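To start, the structure under review is shown below, and the notes come after it.
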């Protein structure tokens, strides 16, 4: 992971000759900032005040595709890597400069260049923030339909590069389903457009071969994205089912009848139980309030406009778990969380049993539909009826509204859980319906050996569904935390591969899942390596990601 | 050398399944994916080239290829390997035809889906390997979107199996490299397809519109309201007269025939959305029998009477009207007349099928039509993004350094 010997002055000079002195930085604070994304594993070092494992040699802010191409050609001649950087919200270390190099912050390329209502296509530059993109579209009566909880801190280019998914993906599809064409600066420094009527063009679909390449094949500088008319109607409803299996079956029936709700979420017993508890104590919620994304007002559009009350955060359920511990053993001290997380098997078992006993409610589901008024109304009625036929109990609108109100409640500060010596992360896997329960039980058991784990099912398709595991672990020191963290991912992903699932549904690969890419693709990796040689002959594009080798050329 | 090649081929697939097609060409019909891999390894050893021919009887032309040619047919790979009724997925060998698959699915209440019936005659492997327009469905998208995964043999004889999951974020979709590659990057041996329950209900409807423009506008009005018809076709006045006889609609009018399908309430909703859009554009309901005739013919084994359309062009939603008028105008200016229908609607646009009427000097008329369509922003069949050709060449060189995989394809 050591950077090659390159002369920083030469890099600075070359870059300044391209973009001028104001859009290049070699300042330590910038190099430190761009050394990582939101990958939780990198937070262990940060918590200890240790420096990042590797730094870029320089950060540059290009303003157009021509500048990007010139920078890539300069990097090629200097033999230094290029790392494209969007919002920095990735959770797999996809921007970590393992061989140093030039980090391209794309956020100065943020124009929404065109919105073609007659074609339902938008042309957006890669650095455009998701929030601004959707707000602009909403003003013009359209939506792209990708609403990840990171929408305030992720970019269009990042979405395309990682095959992202949003909360409404069951209706609108994942990002790769919505890309009509890309402008890409390849690793050889050429600008290519992959547009064209994919249905009429012979040869492979280059758009689909670049989407999801995580910067390893080139820098995506702009994208033509498919739009939908803004929804005229939105209906949300909560349901309860007796078990995970019953819920999965109900969702499958809805999707296979050709119905397309926008949101489908099924929480397993522990997730349901923790979600059903009142947000814990509230003792420090006010203090943390400003660190959250704003909450949508009732009746708002897809995105909230004004800050609202501080919502529970993404590790809220874990804090409630802690509160449960406090309640159970009066006067438990602050290290209760650590103590509980150090005995994951006991907690998984105990809480599972307690949840079942106390709640006796089974699993909660959130179903939401949106779209054109007339069709959505009919689809909603058919969906709810189908769920009831499958044994789900209608809980009315309130659970749906509650979810809607808090869905962007992501904390932008280091999670308090980390402060207390624990860690929390998420693992999103997917499989066909036939394998789905196997996937759930296998991965849950694999993670459960090491950490407290809960899950929800979301992003449903007619042929399968993704599962989103949230887990929390605890170790006494940084080395122990890293060991535990790595073991969780190793066992979890190997379990997913074993039962025939995929190791990532929408977070991407980055560094985190790179070691498992061969298990995922086997012989097909040679196709990916062929693409790498084709588009990045000198192996300078974002090295070490996607399992494409770290230093000496494609693996 | 030829003798050795023949011996190797006969050993690989059995003597009954190799025959000499020309002095340096053999027609090979492997019976298993492993046999295809073996044939490709044999080609590599003997410096022969591998040309997939699906179930086609005629051998493709090959310019400037002097090496021995193996014309590899897939008709013996005709098994439905696994039908996953829980996930609505079907794993089929490359040589299964659309019709063959429908015969397996129909008794179980399932179907490939509402694609144009023209796909039924092709093999699944061919449908996936060759990207041509006209394989689209408003309900399911482009045929390629139904491919969840596939197996293919690479030039070095290794077989790839792409992982099955409804969606993945594990790098580019590697199955997509094989889709549309016409056998140049890999030889597709089996495909896992999304399939569908047969619709609970189907409604048919026909509408008369004052103009072609109004008909296209009405269609997009309905699609914007999220109507998802199982099939929809717009016929101009001349085309309507050709199929249904005079007087169905006026010469300048247009006819829409549509089928909607799904749960009864939704199928009715979609039908009503189209009807409402038609009224908004000044149209009226026409005799449903017109749509029934269309649907019946569309799904009968025999082709529509008469020759296939002379000319096809695809256009994005905003370019359809312009392309229609440009082609019609160009054909008229070249001294001929034409009739046209528009169908195969999907998110990327639709296709115009133009038939020249009473045309002498067919080539000039066609050239005029092509020029007109291009000027109006339409895309002709067989178009390719040639500026990306160097990358395709490089990718082929990376995966197939000896150039044995269908070297004549995707080069023109």
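I'd like the mean, over residues of A:223-229, of how many other protein chain beta carbons sit within 10 Å of each residue's own Cβ. Don't jump to the answer; show the numbers that get you there.
Working: counts 0, 0, 0, 2, 0, 3, 4.
Other-chain Cβ atoms within 10 Å of each residue's Cβ, averaged: 1.
What spacing in nm lies between the two simple spin-label points modelled at residue B:201 and residue B:276, each 7 Å away from Cα in the Cβ direction?
1.6
On average, how many beta carbons from a partner chain sit within 10 Å of the beta carbon of a residue in A:443-449? It would help to have the intermediate numbers written out before the result.
Values: counts 0, 0, 0, 0, 0, 0, 0.
Partner-chain Cβ atoms within 10 Å, mean over residues of A:443-449: 0.
Is the shape of the protein assembly as shown best called rounded, prolate or oblate, per the rule: a/c under 1.5 gives rounded, else a/b larger than b/c gives prolate, else oblate, with a ≥ b ≥ c the square roots of the Cα gyration tensor eigenvalues? Mind dumping the intermediate values first?
Working: a/c = 1.61, a/b = 1.32, b/c = 1.22.
Judged from the Cα gyration tensor, the protein assembly as shown comes out prolate (a/c at least 1.5, a/b above b/c).
Of the listed peptides B:138-144, B:103-109, what is their order by residue-averaged count of other C-beta atoms within 10 Å, with the highest listed first?
Numbers: B:138-144: 21.6, B:103-109: 13.0.
So the peptides B:138-144, B:103-109, ranked by packing, come out B:138-144, B:103-109.
Anyone know which of B:86, B:74, B:123 comes out most mobile in the 10 Å Cα GNM of chain B?
B:86
Distance from the Cα centre of segment A:505-520 to that of segment B:32-53, in angstrom?
Measuring centre to centre over Cα atoms gives 33 Å.
Give me the inter-chain shielding for B:153-166: mean count of other chain Cβ atoms within 10 Å, whole number please. Please report the intermediate quantities before stating the final value.
Values: counts 1, 5, 0, 2, 0, 4, 3, 7, 4, 6, 11, 10, 19, 17.
Across the residues of B:153-166, the mean count of other-chain Cβ atoms within 10 Å is 6.
Among A:92-101, B:278-287, A:252-261, A:537-546, how do they line up from the highest to the lowest mean number of other beta-carbon atoms within 10 Å? Write out the running numbers ahead of the final one.
On the way: A:92-101: 25.9, B:278-287: 17.1, A:252-261: 21.8, A:537-546: 24.2.
Those peptides, ordered most packed to least, come out A:92-101, A:537-546, A:252-261, B:278-287.
Can you tell me the order of A:21-31, B:22-32 when each peptide is scored by its average per-residue count of other Cβ atoms within 10 angstrom, highest first?
Values: A:21-31: 14.6, B:22-32: 17.8.
Packing proxy ranking, top to bottom: B:22-32, A:21-31.
Between segment B:380-406 and segment B:93-158, what is the C-alpha centre distance in whole Å?
Cα centroid to Cα centroid, the span is 23 Å.
Relative contact order for chain B: what percent, with Cα pairs under 8 Å and sequence separation of 6 or more? Can you show the working numbers first?
Working: 824 pairs, mean separation 62.5, N = 412.
About 15 percent, as a whole number.
Using only Cα atoms and rounding to the nearest 10 degrees, what angle (0 to 90) does helix B:264-280 make with the longest principal axis of chain B?
Tilt relative to chain B: about 60 degrees.
At 222 nm, what value in deg cm²/dmol follows for the protein assembly as shown if DSSP H runs of at least 4 each add -39500 (n - 2.57) and the sum is divided by all its residues, to the nearest 500? Provide the component values of the computation, followed by the final result.
Details: 33 runs with 340 residues, N = 967.
Counting only the DSSP helices, I get -10500 deg cm²/dmol.
May I ask for the distance between the Cα centers of segment A:10-35 and segment B:326-361, given as a whole number of Å?
Answer, in whole Å: 56.
Quick one: grab the alpha carbon gyration tensor of segment A:54-104, order the square roots of its eigenvalues as a ≥ b ≥ c, and give me rounded if a/c is under 1.5, else prolate or oblate depending on whether a/b is larger than b/c. Please list the in-between numbers first.
On the way: a/c = 2.48, a/b = 1.31, b/c = 1.89.
It comes out oblate by the Cα gyration axes.
If each of residue A:63 and residue B:156 carries a label point 7 Å out from its Cα toward its Cβ, how far apart are those two points in nm?
In this crude label model, residue A:63 to residue B:156 measures out at 4.7 nm.
Just check segment B:200-306 against the gyration tensor rule for me: Cα atoms, a ≥ b ≥ c as the square roots of the eigenvalues, rounded for a/c under 1.5, and otherwise prolate or oblate depending on whether a/b exceeds b/c.
Values: a/c = 2.11, a/b = 1.13, b/c = 1.87.
Judged from the Cα gyration tensor, segment B:200-306 comes out oblate (a/c at least 1.5, b/c at or above a/b).
How far is it, in nm, from the label point at residue A:483 to the one at residue A:426 when both lie 7 Å from their Cα along the line to the Cβ?
3.0
What percent does the relative contact order of segment A:8-107 come to when contacts are Cα pairs within less than 8 Å and at least six residues apart? It would help to have the intermediate numbers written out before the result.
Working: 164 pairs, mean separation 34.7, N = 100.
Reported relative contact order: 35 percent.
Given contacts defined as C-alpha pairs under 8 Å and at least six residues apart, what's the relative contact order of segment B:80-197, whole-number percent? Could you put the intermediate results ahead of the total?
Values: 201 pairs, mean separation 40.3, N = 118.
Here the relative contact order equals 34 percent.
Each reported figure results from applying straightforward, stated rules to the coordinates on display, with no laboratory input. In this text, all values refer to a predicted model and were calculated from it rather than measured experimentally. Every residue, glycine among them, receives a Cβ derived from its backbone with ideal geometry; neighbour counts consider all protein chains shown.
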